[in-house]
Amino acid sequence: YQEDHEPRYLALIGFTVFVLLCMVSSANLMMLFLFWQLLSYLLYLLIHNHAHAGTLEGAFRTFFILRLGDVFFLAGVVLAYSLYGTLEFPDLFARAAASSASLSLLPGIELSGATAVTLLLFAGGMSKSAQFPLFIWLPRYLYAPTPATALLHAGIINACGFLINRLAPLFGLSSTTLHIAFLVGTLTAVLG
């Protein structure tokens, strides 16, 4: 072996790809969240190197920002279940389309149930896809080994786009969320 930890690293890369494939083939919102969460922990392990101070700092920042996004994602899952009573994608889409549920944030400010759920899910996706303002972990991630960086850019950075596409029937019920996603994406592209 060229490196002492090569078998561990290759096992983590293989397991990360497996989790990524499970995530994209999830049948319900809870499975999607669990694999989403596991993927975040695996990213942390792939860039964690005790021998390099920059890597440790980048790993901690990545871990913290991804946990912040996971809180929003989990809140969206809980809200979806409380509003629609299911997390299975076909049933969730049908019940959301038939529902007129709304949430009152402040007096005079109401959001439809679909808008509230999709805004929370989108905020969760923003962290993993390094969207503004949750992009601060990405530059420090580049200390990671090249295969981990390639995996990141090939699949994980596209997580928010995947999330919107996978849940398109739900996101399609909220033009507000889609407009916010457009603005955030545009601002991220301009800043990039």
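Per-structure values
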quantity: Pairs, first more than 15 Å from Leu38 (Cα to Cα) in the range 6-24, second aliphatic (A, V, I, L, M) and open to solvent by less than 60 Å² (accessible area, probe 1.4 Å), C-beta under 7 Å, six or more apart; calculated: none
quantity: Test for Phe72: is it closer than 30 Å to Asp4 by Cβ, open to solvent by 40 Å² or more (accessible area, probe 1.4 Å) and within 17 Å of the chain's Cα centre (by Cα); calculated: no
quantity: Residues within the range 55-102 that are of a type in the set (D, E, K, R) and more than 21 Å from Phe35 (Cα to Cα), tallied; calculated: 2
quantity: Answer from Leu56, Leu29, Leu46, Leu66 - the residue that is at pLDDT below 85, crowded, with 20+ Cβ neighbours inside 10 Å and over 11 Å from the mean Cα position of the chain (by Cα); calculated: Leu46
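The values are calculated or read from the model by the stated rules, or taken from the named source; none is laboratory data. Please read all numbers here as calculations on a predicted model, not as lab measurements. So basically every Cβ, Gly included, is an ideal-geometry build from the backbone, and we count neighbours across all protein chains shown. The area values use the complete protein model at the heavy-atom level, side chains included, leaving out ligands, DNA and RNA. Shrake-Rupley method; radii C 1.70, N 1.55, O 1.52, S 1.80 Å.
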